[in-house]
1. What about Lys286, is it among the basic types (Lys, Arg), in contact (Cβ under 8 Å) with a residue 60 or more places away in the chain, farther than 13 Å from Phe106 by Cα and part of a loop (DSSP other than H, G, I, E, B)?
2. What pairs come up if the first residue lies in region 80-98 and is of a type in the set (Val, Ile, Thr), the second is modelled with pLDDT of 95 or more and open to solvent by 60 Å² or more (accessible area, probe 1.4 Å), and their beta carbons are under 7 Å apart, counting only those six or more places apart or on different chains?
3. Would you call Ala272 buried (at least 22 other Cβ atoms within 10 Å of the Cβ), aliphatic (A, V, I, L, M) and more than 20 Å from Ser83 (Cβ to Cβ)?
4. Have a look at Val257, Val289 and point out the one that is surrounded by 14 or more Cβ atoms within 10 Å (Cβ to Cβ) and touching a Leu at 6+ places or on another chain (Cβ under 7 Å).
5. Check every one of the helices (runs of 4 or more DSSP H) wholly within region 2-74 and list those with 1 or more residues that are free of Cβ contacts under 8 Å to residues at least 60 places away in the same chain and not acidic (Asp, Glu).
6. Only one of Ser49, Ser75, Ser67, Ser113 is surrounded by fewer than 18 Cβ atoms within 10 Å (Cβ to Cβ) and closer than 30 Å to Thr219 by Cβ; which?
7. Of the residues Gly152, Gly148, only one is under 19 Å from the mean Cα position of the chain (by Cα) and part of a loop (DSSP other than H, G, I, E, B); which?
8. Can you tell me which condition Asp115 does not meet? The list is (1) under 15 Å from Ile230 (Cα atoms); (2) acidic (Asp, Glu); (3) modelled with pLDDT of 90 or more, and all the others hold.
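The values are calculated or read from the model by the stated rules, or taken from the named source; none is laboratory data. Predicted model only: the values in this text are computed from it and were never measured. Cβ sites come from the backbone with ideal geometry, for glycine too, and all protein chains shown count toward neighbours. The area values use the complete protein model at the heavy-atom level, side chains included, leaving out ligands, DNA and RNA. Shrake-Rupley method; radii C 1.70, N 1.55, O 1.52, S 1.80 Å.
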Amino acid sequence: MFILTKLLLIGGGHTHLSILRSLLHEEINDLEVTLITSSKYQYYSGMFSGFTEGLYDEEEIRIDLESLCTRASVSFIEDTIISFDPMQKVLLGFSGGIYYFDVISFDIGSGISSDLIQTVGLNIKPNYRFTEQIKDFRSSESPVIVGGGSAGVELALSTSAWRQNHSLKNPVTLISSSPLLHSYGNKATQKIREIANDHNLVYYENEKIEKLKNNIIITDKDTEIAYSAILPVTGPKASSLFKQALLSTDKKGYLLVDDTLQNADYPYVFGAGDCVSLAGYPNLPKNGVYAVRQGPVLWKNIKRLITGRPLVPFKPQKKFVSILSTGEKHGLFTYGDFVTYGKWAWSLKNRIDQKFMNKHL
């Protein structure tokens, strides 16, 4: 008797996009694939800074997942998964939908780790919220970004550029609990400080928010900063879904997978991107570069599991190119300890981003 294997893809992140692109050119007769995600659009975070600055329209930074699924012969369901029983192989959606599977993969990204979101902060995750949230933020009287990593720095500089182009006088303020771009090394930190100074960005390093009072931020160094809107970009936060399902997770709640991208408890449960931690690489950053590289390995291993063949390992690269948009079509290029800056870097980033988006048209 001919039996279809039901594969559920939960989330439309980088890794699952890779699978959808593969299915545009592959026909697998014994596999029924369904994508379940919270929005029909996947917004590409690599172009968020460009949208913030006004360089891209909303349609240019999002992928129509429903259309892509139709072309790839994949069923599309717009729903948010709120409960998961891996033993019974069933999920419950916010809509009330009940979904059964034989093999499942999660690529749902992460949230933002910040208590401010619960009180006054804007929340740009899930990423389909980004465009509306950033429109309100960038035009606010005294906008403050919290978080001195790559996302915080890019959004602070692109917001500054947008405000300058729209003759809004009050500067953007950036608060970082560590040196700016700390994980990129001292050279990148020194360079981004120069760029921030040139772009009228007010920044505080090695300071944490202690309390909020009457639209004033008070830091642990007693610095007082006026704000009208706060945008926390303070690092990732794991979904609660995996702990609720009693799956093995790391200490922070990320789904724990081995180098084949499988969960050790259930070999038919896969995961990739920012929602997982690799058991063999516990300190691997939550970075889109790794999510993209995981795509072909994940797809190969799902097919190998279904056909009873040995799975292959994912081996993350040690160094990767990073280009941060710094406003006015300039970029900061880093590769390991190498750091440089210029208009050519943004042009390269733009070509890479456009090439990625064009793959889904």
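1. Yes: the conditions hold for Lys286.
2. From residues that are of a type in the set (Val, Ile, Thr), the pairs are Thr80/Phe94; Ile82/Leu92; Ile82/Phe94; Val90/Ile98; Val90/Tyr100; Ile98/Leu92.
3. On the way: buried (at least 22 other Cβ atoms within 10 Å of the Cβ): yes; aliphatic (A, V, I, L, M): yes; more than 20 Å from Ser83 (Cβ to Cβ): yes.
In short, yes.
4. Val257
5. Details: elements: 14-23, 48-53, 65-71.
Here the list reads 14-23, 65-71.
6. Being surrounded by fewer than 18 Cβ atoms within 10 Å (Cβ to Cβ) and closer than 30 Å to Thr219 by Cβ holds for just one of Ser49, Ser75, Ser67, Ser113, which is Ser113.
7. Criteria check complete, one pass: Gly148.
8. The single condition Asp115 does not satisfy is (3).
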